[in-house]
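Structure record follows, encoded as structure tokens.
Please treat every number below as a calculation from the coordinates, not as lab data. Just so we're clear, the structure is a prediction, and the values are computed from it rather than from any experiment. Using ideal geometry, Cβ is built from the backbone for each residue, glycine included, and neighbour counts are taken over all protein chains shown.
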Amino acid sequence: MFGFYLSQLFNGITQGSIYALMAIGYSLIFGTLGLVTFAYGDIVIFGVFVGYYFYAVLGLNLILAMLLALPITFLFGVLVEKICYEKFRKEARMLMLITTVGFGIFLRSASQIIFGTGNKSIPTLIEGKIEIGNLNILYIQLGIIIFTLIFIYALRYFLNNTRTGIGIRALSMDQDAAKLVGVNVDKSIKFGHSLGVVLGVFGGIMLGSFYNAISPMMGPNLGLKAFTAVVLGGITSIPGAVIGGYILGIMENLAVAVFSSGYRDVVAFIILIIVLVVKPSGLFGKEVKF
């Protein structure tokens, strides 16, 4: 029994690593656009399907196919911001919010038309496992955790030590002040949005490889998980987004251990409601107006 709960805890850390990546991406998009986007999950899944297309249709090596999907989705993120959001930046936020809803529906429908409505199988990127007593640790789980930590460290370095990264941070604090000190607002917004998309897609690739399946209908659920994680940690705080992702992943899997797998998605709704009622700013964020 102890081994079972320990296994679920490790599954939670793995899942939390994926949620952390997506939550960081969501936080970056909110920081640069000041926008709660309902299209995020659908954009992420579309990016994962780009990698799937390279693998299943063009016959590329799985790892190469998924790596190629990242720069393509970065460019896609630039295109999305240019077409869908740029002209509405100075308009009411509700208008941008509605735009994200419409674009999410469009992208989900397009994905179903192009790739089909059913689940698509993705092999595990890293085969094998480690057995420690009754505990089985998959290599893919270790890979997800390690790559997530590498991404987090690399992102921290980028945001603190590069001109573009510092510009993105300044923009998230105060757009007008950032403009006054010479930050290229348009470039920073596009780069921040696209980087957020890439982080989400990488998390989606890890998720698909872990569960060996992806579907166009996964988008809204993943968007909810990313949103819950950033709200929990603080939507303006990247460290908070990381912690929120891990808390959500662990709590989901502990709920599965105690109750059943049917309660996995309920946890996100419960956490979201509690946080919005008790502490809307999250654990590490500041008060913001959505």
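Helix 163-173 versus the longest principal axis of the chain: what angle, 0 to 90°, nearest 10, using Cα atoms? The angle comes out near 80 degrees. Applying a threshold of 26 Å to the alpha-carbon distances of K82/K179; K90/K179; K87/K279 flags K87/K279 as lying beyond it. Helix 219-233 and the longest principal axis of the C-alpha atoms of the chain enclose an angle of approximately 80°. Got a sec? Charge dipole of region 2-278, +1 on Cβ for Lys and Arg, -1 for Asp and Glu; which of I146, A178, N160 is way out at the positive end? Checked the options; the winner is A178.
Each of V278, T99, F259 was scored by the projection of its Cα onto the charge dipole of region 2-278, and the greatest displacement toward the positive side belongs to T99; charges sit on the C-beta of Lys, Arg, Asp and Glu.
Taking the helices alone, the chain has a mean residue ellipticity at 222 nm of -24500 deg cm²/dmol, built from -39,500 (n - 2.57) per DSSP H run of at least 4 residues and averaged over all its residues. Exposure proxy shown here: for I243, I114, I24, I13, the number of other Cβ atoms within 10 Å sets the order, fewest to most, as I114, I13, I243, I24. Seen from every direction in turn and averaged, the convex hull around the alpha carbons of the chain projects onto 15.2 nm². Packing around the peptides 89-95, 180-186, 16-22, 245-251, taken as the average count of other Cβ atoms within 10 Å per residue, puts them in this order, highest first: 16-22, 245-251, 180-186, 89-95. Measuring r between the beta carbons of L58 and K279 and using R0 = 41 Å, the FRET efficiency lands at 0.30. The C-alpha atoms of region 74-114 occupy a region whose extents along the principal axes are 34, 21, 11 Å, arranged from largest to smallest. Estimated from the Cβ-Cβ distance and a Förster radius of 30 angstrom, the FRET efficiency linking V78 and L6 is about 0.10. Computed on region 2-278, with alpha-carbon pairs under 8 angstrom and 6+ residues apart, the relative contact order is 40 percent.
Helix 2-33 and the long axis of the chain differ in direction by around 10°, with both axes built from C-alpha atoms. With unit charges on the beta carbon (Lys/Arg positive, Asp/Glu negative), name the residue among S209, V242, A39 whose Cα is farthest towards the positive pole of the charge dipole of the chain. Going by the charge dipole, the pick is A39.
Each Lys and Arg adds +1 at its Cβ and each Asp and Glu adds -1 at its Cβ; summed about the Cα centre, the chain shows a dipole of about 540 debye. Ranked for footprinting exposure by Cβ neighbours inside 10 Å, fewest first, E252, E81, E86, E131 give E131, E86, E81, E252. If R0 equals 25 Å, the separation of the Cβ atoms of Y263 and L135 corresponds to a calculated FRET efficiency of about 0.65. Of the residues I235, I145, the one with the fewest other Cβ atoms within 10 Å heads the list, and the complete ranking is I145, I235.
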